[in-house]
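Values quoted throughout were computed directly from the atomic coordinates according to the rules given, and no laboratory measurement underlies them. Just so you know, these numbers come straight off a predicted model, no measurement behind them. A quick note on method: Cβ atoms are made from the backbone with ideal geometry, for glycine too, and the neighbour counts reach across all protein chains shown.
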Amino acid sequence: MNAGRQSLPHGENRRTDRPQEEPVKTARALATLGLGTLATMAAVVSPAVAQGAGSVQTKAAQHCVVDTVNGGTSCFSSYREAISFATKGRVADAPNDTRAAAHDTKLQERLSGPRSEHGAKLSKNVKNAPSAAASDFRVLGTVYRDKDFGGGSYTYSGNAGCNWRYTEFASMGDGWNDQVSSVASGQCDVTLYQHSDFLGFSQTYRGAVPYVGDAMNDQASSVSFDR
């Protein structure tokens with residue numbers, strides 16, 4: 001049965017096997033190249049992704065103040081700094097714990113002033129003031145990104161008090177549209193609206209409200225502060 005079979009020299013067997021090994025080597029080389037490319041891409045992309053995530057976290061932790069007199073918005077790393085700015089330094093000892101601040105009724109009255117001073121009485125004082133800086137700035141209210149007054153905060157300050165609709169109320173600030181989950185106000189009632197320009201369904205809250213409810217959660221696009 002082996003008569004018709006011819007044996008090849010040992011060296012020729014090696015040469016015959018070589019073409020079969022080449023595809024394997026090529027595949028291995030491509031696989032190695034692919035892994036190297038993926039590693040390079042990971043090294044380049046990962047920092048960008050990490051940076052983006054860090055930016056979101058930083059933004060969420062910011063405490064911003066809207067000055068309704070000049071229309072400017074200023075952000076701070078702590079709630080205490082934000083409140084000091086909002087009250088023109090009148091209240092410089094607010095706690096950095098936003099939850100504690102929201103539940104502190106005495107602090108909220110210091111921020112907003114007595115309810116009787118809002119509206120016509122406070123606006124009259126503003127008209128008689130030599131400048132906006134000389135008037136008594138009040139915190140009209142604060143909205144929070146998370147439930148239970150957590151996450152970042154967005155405080156509205158003004159010198160006309162409740163029942164005045166500033167142009168800054170008609171839309172939420174940058175990064176705050178459809179982001180509100182809790183609200184707090186010492187003297188004004190806070191009304192959240194589904195859409196900008198006070199349109200869509202609305203809901204009104206009084207005092208410190210740790211959760212605005214399922215219907216309004218992450219839905220607010222404008223706000224007003226009323227008596």
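Computed values, structure above
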{"read-out": "Convex hull of segment 62-226 built on C-alpha atoms - directionally averaged projected area, nm²", "value": "8.0"}
{"read-out": "Cα-projected label distance for residue 163 with residue 197, points at 7 Å along beta-carbon direction, nm", "value": "2.7"}
{"read-out": "Loop chymotrypsin sites (Phe, Trp or Tyr not before Pro), segment 159-210 (other Cβ atoms within 10 Å of the site Cβ: 15 or fewer; DSSP)", "value": "none"}
{"read-out": "Normalised contact order of segment 62-226, rounded percent, pairs of Cα under 8 Å and 6 or more residues apart", "value": "22"}
{"read-out": "Virtual spin-label span in nm between residue 93 and residue 105, 7 Å along Cα→Cβ", "value": "2.1"}
{"read-out": "Computed lengthening from residue 136 to residue 77, 0.36 nm per intervening residue step minus Cα-Cα distance", "value": "18.8 nm"}
